[in-house]
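To keep things clear, I will list the structure first and then write my remarks on it.
The values are calculated or read from the model by the stated rules, or taken from the named source; none is laboratory data. Since the model is a prediction, treat every value here as computed from it, not as a measurement. All Cβ positions, even for glycine, are placed from backbone atoms using ideal geometry, and neighbour counts span all protein chains on display.
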């Protein structure tokens, strides 16, 4: 058996291998043959030799099919295997998340969408690799494009991260009644970009997720109960304990109001025109907060009227003390003097 020396002289252009160079694969040889045959067909086309050109094109097609068919077969088999596995895992993950009571619906959608995106990307890379595509260069190009897209869509990325934070931290969930920047309503939907709130007028208010986590937010249904405050005022001539008895009687037979803690009525302010008071009670169902406040505002007003307890309106009393500049004006005339004056 003849051994070749390690310092053999590189071969010329006849196709011999140089020492240390990798052996050409079958695909590389096939592509070289296809390129050579195709270039020959182009030359014949330019010379007008149609018959030989068609033969060269046929040979080119045979060479290309010999390369592509095995790759297509392998790519198809890889696609079927990994797509089947993807569907099985997707179904199992959906069942697990759907049965879980600790994973909120919005977070379930986030996890499922994230899994599907990652799975599709991986399957695509595997299939393209079987087709002979340079996956490394493709991934590098996608990374650069992703960075550029990230700078261009900074606001969307901020909302996306805020949406993930909302779904994981759960300051509110779908169905909660919340108040954000004096806007009150029920959370209708949480997406990765925005939160949709249904107002008391049945309008859908769409707010970016960054707005939801950077502004003051009150969750009215995070706990099982909520306190409702109904403000009212009585005249200074009335007695607060009498008004308290009248107003507390309204809550006695209402099953929607909790007995513990019990309803209370307190004096909150000695205002300019009234003694301000507040009825406070706790609800069993926090979702009825707004209609209950409206209903009891009207009930308190009617109950005070029936009890002849004055509900004052804003007014001002003016006292004049030693106003000598107005001594001879009609303001200081007695009523009987005004009626006997010549002008009357």
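For region 172-207, taking the residues that are under 21 Å from residue 155 (Cβ atoms) and in a loop (DSSP other than H, G, I, E, B), the one that is farthest from the chain's Cα centre (by Cα) is identified as 181.
Please work out which residue is nearest to residue 169 (Cα to Cα), limiting yourself to region 82-108 and to residues that are assigned to a helix (DSSP H, G or I) and modelled with pLDDT under 75. Step by step, filter region 82-108, then rank; the result is 107.
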